[in-house]
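Trainee: Let me begin by handing over the structure; questions about it come next.
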Amino acid sequence: MKRGFDRMDTEGPEIEGLERIDNDIWQVPMGYKSGMRVPGRIYLSDKLFANLEKEAVDQVANVATLPGIQKFSMAMPDAHVGYGFPIGGVAAFDAEEGVISPGGVGFDINCGVRLIRSNLDKSDVDGKVNDLLDSLFKAVPSGVGSKSRIRASESELEAIFTNGSRWAVEQGYGVEADLTHCEGEGCIEGGDPAQVSAKARKRGRPQLGTLGSGNHFLELQYVDEIYDPVAAEAFNLKQGQLTFMVHCGSRGAGHQVCTDHLRNLTRAVEKYKIDLPDKQLACAPAQSEEAQAYFGAMASAANYAWTNRQIIMHHCREVFEQQMNMDADELGLDLVYDVAHNVAKLEEHNVNGGKKQVYVHRKGATRAFPAGHHEVPKAYRDVGQPVLIPGSMGTPSYVLCGKQSAMDVSFGSACHGAGRVMSRSGAKHTFRGEQIQKDLSGQGISVRAAHPSVIAEEAPGVYKSSSEVVDVVDRLGIAGKVAKLMPVGVVKG
Ligand SMILES: Nc1nc2c(ncn2[C@@H]2O[C@H](COP(=O)(O)O)[C@@H](O)[C@H]2O)c(=O)[nH]1
Ligand SMILES: [Mn+2]
Ligand SMILES: [Mn+2]
């Protein structure tokens, strides 16, 4: 242990073997669990350490036993327990010798966040927020199993699974610039519709343009503070400006893809004789037919999610035009960026002094590529990609930009949110939705939800401090703070 980083200094859970090796860096040593191939790294401040779950540390160690894992099994400061891998987990596997695992992506494939800027100032919506929220609530169906009026045909679904957002733009749901301001231009290559089951298609067909439940949201925000004026200018953000955030994923289609392929990969674990400490880590050798089938289906679901967010944004733009009685040019509702935070991608990274193809699994983690990286949109190439971190319906969200250290520290990845500290059932016992809604209203934040129980489950108190979380990635040089966004009105799923 480094001098000055004595574990005894820090209040929090006693987790035997966990070592604090630097400010904000905790190491899960190789001996923590038998079979670990690499150490674990958890990025946490002292304050966030107090909420660290031992089970999440065990999950970091479990992931470290998987074949072909590179450098470290990692957890971001928003980490908490998930299915097999922790939420907030990042792990990269050698593209030849490693594995691909659905647990490292999650059930809501390509759950993600998009941020839209505007020509409006916060004051321009004074007295209009409630009407805007009511119209947004109507325009974007929300809640478990919600359906829209769109019914994609079989051939349209094929195009969506293969091409992602481009399909939506070609149908008139948006403009070309939306694609160039989106991670991967709204598409992962390798989408293979043949690997998406009839059941997943059936679930996906009526859900394009829908938000989903609970944690997903549409949020009116304003820019409360600028930390990096150069990056803020590149992102076209300024103090006091009204912004709009969308958080949702691949709905029933993605969930079904994960369910179907977990079944196949559970069988593959036996076939390929992979020794797993937890069956939720079901996986297969990256080049096996089972893993490639999952990857093709996962990419299809990711492409569906980008299409979904694109259609939602289009419908929200229409609501703004009607409610504000302004046209698209006047409103300037341009997409700043869209990030996936539940996804596996084939990427090239520097490992042990050489370049290597790896499958980077980001499960509750955001890509954070730095300035100069060829995958960062040209408009942002000098500052790094926007990293969008939602907070909660009552606390700040943040815009950061990817930094060079992310490539060394975390395979170009940062946190994805504040991260839960309380379960949904715990929240329903602790909070009353009506009271939370009233408290938020007192702070100038209006909330719409299908049921008050959703507001209780999503109360700001169920999440860690977003400020504390982003400060860790900022200090580590993974992503730098650009702007703080405060909520003024939220539609919860
Ligand atoms: N700005 C808002 N952020 C929110 C809200 N509800 C949740 N959150 C944040 O999103 C992340 C990501 O959630 P996940 O379900 O995909 O893991 C979560 O950690 C929260 O910090 C909201 O209403 N507004
Ligand atoms: Mn999400
Ligand atoms: Mn989601």
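Bear in mind that the values in this text are calculations on the coordinates, not laboratory data. From a predicted model like this one, the values you see are computed outputs, not experimental measurements. Positions of Cβ are generated from backbone atoms using ideal geometry, with glycine treated the same way; all protein chains shown enter the neighbour counts.
Trainee: Could you work out the equivalent-ellipsoid semi-axes for segment 351-469, taking the square root of 5 times each eigenvalue of the Cα gyration tensor, largest first, in whole Å?
Mentor: The three semi-axes for segment 351-469 are 36, 16, 10 Å.
Trainee: List every residue whose amide H lies under 5 Å from the amide H of residue 65, counting only residues 5 or more places away in sequence or on a different chain, with H placed 1.01 Å from N in the peptide plane.
Mentor: Long-range HN contacts for residue 65: 37.
Trainee: Percentage of Cα-Cα pair distances in segment 159-281 greater than 22 Å, rounded to whole percent?
Mentor: Of all Cα-Cα pairs in segment 159-281, 56 percent lie more than 22 Å apart.
Trainee: Can I ask one more? Give me the base-10 log of I(q)/I(0) for segment 120-160 at each q in 0.14, 0.22, 0.23 Å⁻¹, Debye formula, one uniform scatterer per Cα, rounded to two decimals.
Mentor: -0.55, -0.80, -0.82
Trainee: If you take every residue apart from residue 157 with its C-beta less than 12 Å away from the C-beta of residue 157, what net charge results, scoring Lys and Arg +1 and Asp and Glu -1?
Mentor: Local net charge: +2.
Trainee: Here's a follow-up. Within segment 349-390, find all residues whose amide N lies under 18 Å from a label point positioned 7 Å from the Cα of residue 287 along Cα-to-beta-carbon.
Mentor: 349, 355-360
Trainee: Could you compute Rg(Cα) / (2.2 N^0.38 Å) for segment 60-106, with N its residue count?
Mentor: Output field value: 1.05.
Trainee: Using a cut-off of 13 Å between beta-carbons, work out the net charge of the residues near residue 80 (Lys and Arg +1, Asp and Glu -1, residue 80 not included). Write down the numbers at each step before the final one.
Mentor: Values: positive: 54, 363, 420, 424, 464; negative: 53, 55, 58, 78.
Overall, the nearby charge balance is +1.
Trainee: Rank-order 23-34, 80-91, 206-217, 121-132 by packing density, defined as the average count of other C-beta atoms within 10 Å over each peptide's residues, highest first.
Mentor: On the way: 23-34: 17.1, 80-91: 26.7, 206-217: 23.2, 121-132: 14.7.
Peptide ranking by packing, descending: 80-91, 206-217, 23-34, 121-132.
Trainee: So how many Å³ per residue does the convex hull of the Cα atoms of segment 193-253 work out to?
Mentor: That works out to 135 Å³ per residue.
Trainee: Treating segment 305-369 as a set of equal point scatterers at the Cα positions, no solvent, please give the Debye-formula log₁₀ I(q)/I(0) at q = 0.25 Å⁻¹.
Mentor: Debye intensities relative to I(0), on a log10 scale: -1.07.
Trainee: Could you work out the helix-only [θ] at 222 nm for the chain, with each DSSP H run of four or more residues adding -39,500 (n - 2.57) and the total divided by the number of residues, to the nearest 500 deg cm²/dmol? Write down the numbers at each step before the final one.
Mentor: On the way: 16 runs with 158 residues, N = 493.
When only DSSP H runs of four or more count, the value is -9500 deg cm²/dmol.
Trainee: Sticking with this structure for a sec: Quick check: net charge around residue 408, other residues with Cβ under 13 Å of its Cβ, Lys/Arg +1 and Asp/Glu -1?
Mentor: Values: positive: 41, 71, 403; negative: none.
Neighbourhood net charge equals +3.
Trainee: What's the ranking of 360-367, 266-273 by average number of surrounding C-beta atoms within 10 Å, highest first?
Mentor: The peptides rank, most packed first, as 360-367, 266-273.
Trainee: May I pose another question? Can you list, bin by bin at 10 Å, the percent of alpha carbon pairs in segment 27-131, starting at 0?
Mentor: Using 10 Å bins, I get a P(r) of 14, 37, 22, 13, 10, 5, 0 for segment 27-131.
Trainee: For segment 71-229, what is the convex hull volume of its Cα atoms per residue in Å³?
Mentor: Given the Cα convex hull of segment 71-229, per-residue volume reads 192 Å³.
Trainee: Okay, next question. Could you calculate the contour length gain from residue 123 to residue 443, that is, 0.36 nm times the residue separation minus the distance between their Cα atoms, to one decimal place in nm?
Mentor: 113.6 nm
Trainee: Run through every distinct alpha carbon pair of segment 218-306 and return the Kirkwood hydrodynamic radius in angstroms, one decimal place.
Mentor: By the Kirkwood definition, the hydrodynamic radius is 16.4 Å.
Trainee: Could you give me D for the chain, from Stokes-Einstein at 4 °C and 1.567 mPa s, where the hydrodynamic radius is the Kirkwood radius over C-alpha pairs? Units µm² s⁻¹, please. Show your work: numbers first, answer last.
Mentor: Numbers: Rh = 22.4 Å.
Here the translational diffusion coefficient equals 58 µm²/s.
Trainee: If you don't mind, another one. Cross-link list 54/363; 54/403; 279/428; 363/464; 47/481: which exceed 22 angstrom alpha carbon to alpha carbon?
Mentor: The answer is 54/403; 279/428.
Trainee: Residue 202: which aspartates and glutamates have alpha carbons under 19 Å from its alpha carbon, excluding same-chain residues fewer than 8 sequence positions away?
Mentor: Within reach: 108, 154, 156, 158, 192, 260.
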